[in-house]
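Data block below; observations after.
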Amino acid sequence: MATLQKIRSKGPLLVIAVGLALFAFIAGDAWQVIQPHQSQDVGEINGESLSAQDYQTLLEEYTEVVKFSSGLSALSDAQSDQLKDEVWQTYVNNKLIENEAEKLGLTVPNEEVQAIIDAGTHPILQQTPFRNPSTGAFDKDVLKQFLVEYSKMNVAQLPSQYAEYYQNMYNFWRFIEKTLIQTRLQEKYMALISNSLLSNPVEAQEAFNGKNSQSNLLLAAVPYTAVADSLVPVSEADLKAAYDKKKEQYRQYVETRNIKYIDVQVTASQADRDALQKEMEEYTTQLANTSADYATFVRSTGSSVPYVDLYYTTRTLPSDVVARLDSVAVGDVFGPYYYATDNTLNSFKKLGKASMADSIEFRQIQVVAADAAKTKALADSIYGAIKGGADFAELAKKYGQTGEPTWISSANYEGAQIDGDNLKYIGAITTLNKGELVNLALTQANVIMQVTDKKAVKDKYKVAIVKRTVDFSKETYSKAYNDFSSFIATNNTLEKMVANAEDAGYRLLDRNDLSSAEHGIGGIRDTKDALRWVFEAKPGEVSGLYECGESDHMLVVGLESVVPEGYRPLTLVQDQLRYEVLRDKKAEKIMADMKASGAASFDQYKNLENAVQDSVKLVTFGAPAYVSALRSSEPLVSAYASVGEVNKLSAPIKGNGGVFVLQTYAKENLDGTYDQKTEEEALVGLYTRMASQFLNDLYLKADVKDTRYLFF
């Protein structure tokens, strides 16, 4: 119990950095080799399948870890979708690394993991609650003490919430161990790749020179915008030639689909608004006449803001209420009024205002015995002893607790659902005077609590709020449904839907390159069924009506075309190609005009028709230069700066924003001492980041199949 008390006293658990921790989640014994081509597989990599059941298990395990580490009781749909993708990507990444590591003989023995834990400096360990109370750093002794206590834990002698917390904490640590193993394996593999890219000391010397050689240059340029598009026509043959040259850039590794769809969002009619206005006027009158049990009354109104009988800062009150608070006297009611930002009708009653400490230091002794009567008797005895002069901390230690004071502020509880014992507990902390002692009887235990300090006095309020969304009625929804159903029935092909949508009052939307790895259509909730239909349909077909969103959207989808795995057709990339070909043709024309002009000096180039000039200062090879006159980044300016001689004019250079010439007018070496080891370490760091691209190459070779959309 002592270790648990230390851990809980540190406040809410830090959220694990998902990108770091999740990479290694799926490890070792968690995987089962599934026979390929099972009908219930959600994916495959290198011929090895992952079944829907195993994927669901992994997803549930990681969801519990995230909920525990973040202190959440539930996740939103967006968070759940994110976890689904992360678990899948973790599976893929781990398999890629494991496959390569096995070939290379890379392993992470238990002794290495223990050494990482003993050192205590790994970033993953810093995200755990096993910390030294004094330094805040990871402490292996705190971890060991927890593991010892867990091994000796007798569930029957602990309140259920403590037993559950211990179990969740242990599962959390098991996750950290798996994470350490797989992250270390990744680190080893990436280090091997990055070190193999460093060829010899010459590269380190050149990298140093590139950072320390600095140039100032004059630039004269003719921008591409100076040449009209009509002067350099682009033919289909030009596009085809450019496509063939860059074809590998347009390779697509998954099938995508182009769709058109109509999204109908149902909103309240005027009749709906009038009915709610009348209802809110009645609630406002009742609120004015209510003098007790505001929680029950507010709940009965269907308000989206529950009443909690605590004084709150304005931080968690609705902004529309906060804006009106100071204009309302205590005991008065304001409303009803409409707030457009969240589409609500509102009324509120200001019940109280007080200046109260926002940060409170307190200490406690939790008392649990065999039954309620014995718990009360023991708590009364401890309470009486402290009142009689016994040392609080010594008594706490006698019952396996530290008795150390801890701080709590409104940020720890405001915005949370608080009732029952939680409300009683927080209420006691926030209302006790400094030095005051209380014996608080809760459902499963007693808590002897004493406030030891208070600070940060703030204005706080008690407010009963009735906030109701202006929503549509069943009649309104039924009319919208019937109208949309009729439209779909008479426009059951894509051609008809496109032709008649606008006349029927519907807005037709496009979505190109929709992939099966997405979680829906158009950012609308609960459209997974529509997504499945898209990947089963044939071009030209139109779906049925899908009810989706927060039960306030209706959707119909038409499949326009399928973009198969392989090289993207020229028709889909020709706009991008046209821009590139147009730029190349303009560069050719500008260069030809420069040659015909006979320009040979910087002054002659800057005086050419449509020419612009600029001065680019402090240029090094290590970073691309931005040229204001061309409004573009020009890496070739930096490249020339590394080799250009002072007062020597360059040949015309084809850049991103135009054709330019350069003349270096000053060059110097910055103060700096070459250190081969430092430069090589910097290059290794750079190559480590570049080495992540190798994972993409491994992915492409692994024949990865993702069919999660069929199940999740």
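With a ≥ b ≥ c taken as the square roots of the eigenvalues of the C-alpha gyration tensor of region 499-626, please select rounded if a/c is under 1.5 and otherwise prolate if a/b is larger than b/c or oblate if it is not?
Values: a/c = 3.25, a/b = 2.78, b/c = 1.17.
Judged from the Cα gyration tensor, region 499-626 comes out prolate (a/c at least 1.5, a/b above b/c).
Calculate, for residue 681 and residue 342, the FRET efficiency according to 1/(1 + (r/R0)^6) with r their C-beta to C-beta distance and R0 51 Å; round to the nearest 0.05.
0.45
With each pseudo-label sitting 7 Å past Cα toward Cβ, what's the residue 711-residue 168 distance in nm, one decimal?
Calculated label separation equals 2.7 nm.
Going from most exposed to least, what order do 673, 256 have by accessible area with a 1.4 Å probe? Mind showing how you got there, number by number?
Numbers: 673 125, 256 10 Å².
Correct descending sequence by accessible area is 673, 256.
Which translational diffusion coefficient, to the nearest whole µm²/s, is obtained for region 43-194 from the Stokes-Einstein equation, given a Kirkwood hydrodynamic radius over C-alpha pairs, 10 °C and 1.306 mPa s? Each step should come with its number before you reach the end.
Details: Rh = 17.7 Å.
For these conditions, the coefficient is 90 µm²/s.
Can you check what the net charge comes to around residue 516, using other residues whose Cβ is under 15 Å from the Cβ of residue 516 (Lys, Arg +1; Asp, Glu -1)?
-4
To the nearest 10 square angstrom, how much accessible area does residue 272 have with a 1.4 angstrom probe?
Roughly 20 Å² of residue 272 is accessible to a 1.4 Å probe.
May I ask for the percentage of alpha-carbon pairs in region 404-452 that lie more than 16 Å from each other? It would help to have the intermediate numbers written out before the result.
Values: 479 of 1176 pairs.
Of all Cα-Cα pairs in region 404-452, 41 percent lie more than 16 Å apart.
Within the accessible area of the chain, what % is carbon and sulfur when the probe is 1.4 Å and the other protein chains stay in place? List each step's numbers first, then the result.
Numbers: 18330 of 37060 Å².
C and S atoms contribute 49 percent here.
Per residue, what accessible area does region 123-278 have, given a 1.4 Å probe and all protein chains present, in Å²?
Values: 7900 Å² over 156 residues.
Result: 51 Å² per residue.
Which value, in Å² rounded to 10, gives the accessible area of residue 75 with a 1.4 Å probe and all protein chains present?
For residue 75, solvent-accessible area is about 40 Å².
Enter the accessible area of residue 699 (Å², nearest 10), with the probe set to 1.4 Å and all protein chains included.
The accessible area comes out at roughly 70 Å².
Among (1) 103, 73, 62; (2) 88, 65, 54; (3) 97, 79, 42, which one is Cα extents along the principal axes in Å computed from these coordinates?
Only one listed value fits the structure, namely (1).
Going highest first, how would you order 431-442, 296-307 by mean Cβ packing within 10 Å? Show your work: numbers first, answer last.
Details: 431-442: 14.5, 296-307: 16.1.
Ranking the peptides 431-442, 296-307 by packing returns 296-307, 431-442.
Cβ under 14 Å from residue 538's Cβ, residue 538 left aside: what net charge do those residues give with Lys, Arg +1 and Asp, Glu -1?
On the way: positive: 257; negative: 255, 495, 536, 541, 560.
After counting each charged neighbour, the total is -4.
Which order do you get for 495, 541, 206, 580 if you rank them by accessible area with a 1.4 Å probe, largest at the top?
Numbers: 495 150, 541 75, 206 110, 580 30 Å².
Final ranking, largest accessible area leading: 495, 206, 541, 580.
With N set to the residue count of region 623-662, report its C-alpha Rg divided by 2.2 N^0.38 Å to two decimal places.
Working: Rg = 9.7 Å, N = 40, 2.2 N^0.38 = 8.9 Å.
Against the compact-globule rule of thumb, the ratio is 1.09.
Report the semi-axes of the equivalent ellipsoid for region 416-523 in whole Å, largest first, where each axis is √(5λ) for an eigenvalue λ of the Cα gyration tensor.
Details: eigenvalues 722, 69, 47 Å².
Sorted largest first and rounded, they come to 60, 19, 15 Å.
Based on Cα coordinates alone, diagonalise the gyration tensor for region 548-589, multiply each eigenvalue by 5, take square roots, and list the semi-axes in whole Å, largest first. Walk me through the numbers before you get to the answer.
Values: eigenvalues 308, 47, 11 Å².
Values for region 548-589, descending: 39, 15, 8 Å.
Evaluate the Debye formula for region 37-84 with equal point scatterers sitting on the alpha carbons, no solvent, and hand back log10 of I(q)/I(0) at q = 0.33 Å⁻¹, in q order, two decimals.
Log-scaled intensity ratios, in q order: -1.18.
Just grab the label-to-label distance for residue 398 and residue 295, each label 7 Å out from Cα along the Cβ direction, in nm (one decimal).
About 3.4 nm, to one decimal.
So for region 375-528, taking the charge dipole from beta-carbon charges (+1 Lys/Arg, -1 Asp/Glu), which of 493, 433, 482 sits furthest toward the positive end?
Of the listed residues, the answer is 433.
What is the chain's relative contact order, in percent, from Cα pairs under 8 angstrom and six or more apart in sequence? Don't skip to the answer; put the middle values down first.
Numbers: 1041 pairs, mean separation 164.3, N = 712.
Averaging sequence separation for qualifying contacts and normalising by length gives 23 percent for the chain.
Suppose all protein chains stay in the model; what accessible area per residue would a 1.4 Å probe give for region 544-658, in Å²? Mind dumping the intermediate values first?
Values: 6290 Å² over 115 residues.
Here the per-residue accessible area is 55 Å².
Only four residue types carry charge here, +1 at the Cβ of Lys and Arg and -1 at the Cβ of Asp and Glu. Report the dipole size of the chain about the Cα centre in Debye, rounded to the nearest 20.
On the way: 73 positive and 94 negative charges, 310 e Å.
Once rounded to the nearest 20, the dipole reads 1500 debye.
So how do 314, 179, 490 rank on accessible area, 1.4 Å probe, biggest first, that is with the largest at the start? Don't skip to the answer; put the middle values down first.
Working: 314 60, 179 0, 490 90 Å².
The ranking, largest first, comes out as 490, 314, 179.
Could you tell me which of rounded, prolate or oblate describes region 383-429, using a ≥ b ≥ c as the square roots of the eigenvalues of the alpha-carbon gyration tensor, with rounded for a/c under 1.5 and, failing that, prolate when a/b is larger than b/c and oblate otherwise?
Values: a/c = 2.84, a/b = 2.16, b/c = 1.31.
Note, shape of region 383-429 comes out prolate.
Using a ≥ b ≥ c from the Cα gyration tensor of region 612-693 (square roots of the eigenvalues), is it rounded, prolate or oblate, where a/c under 1.5 gives rounded and otherwise the larger of a/b and b/c decides, a/b for prolate?
Values: a/c = 2.76, a/b = 1.55, b/c = 1.78.
Note, shape of region 612-693 comes out oblate.
The values are calculated or read from the model by the stated rules, or taken from the named source; none is laboratory data. Since the model is a prediction, treat every value here as computed from it, not as a measurement. Neighbour counts are summed over all protein chains in view; Cβ atoms, including those assigned to glycine, are modelled from backbone coordinates with ideal geometry. All accessible areas refer to the heavy atoms of the entire protein, side chains included, with ligands and DNA or RNA removed. Shrake-Rupley method; radii C 1.70, N 1.55, O 1.52, S 1.80 Å.
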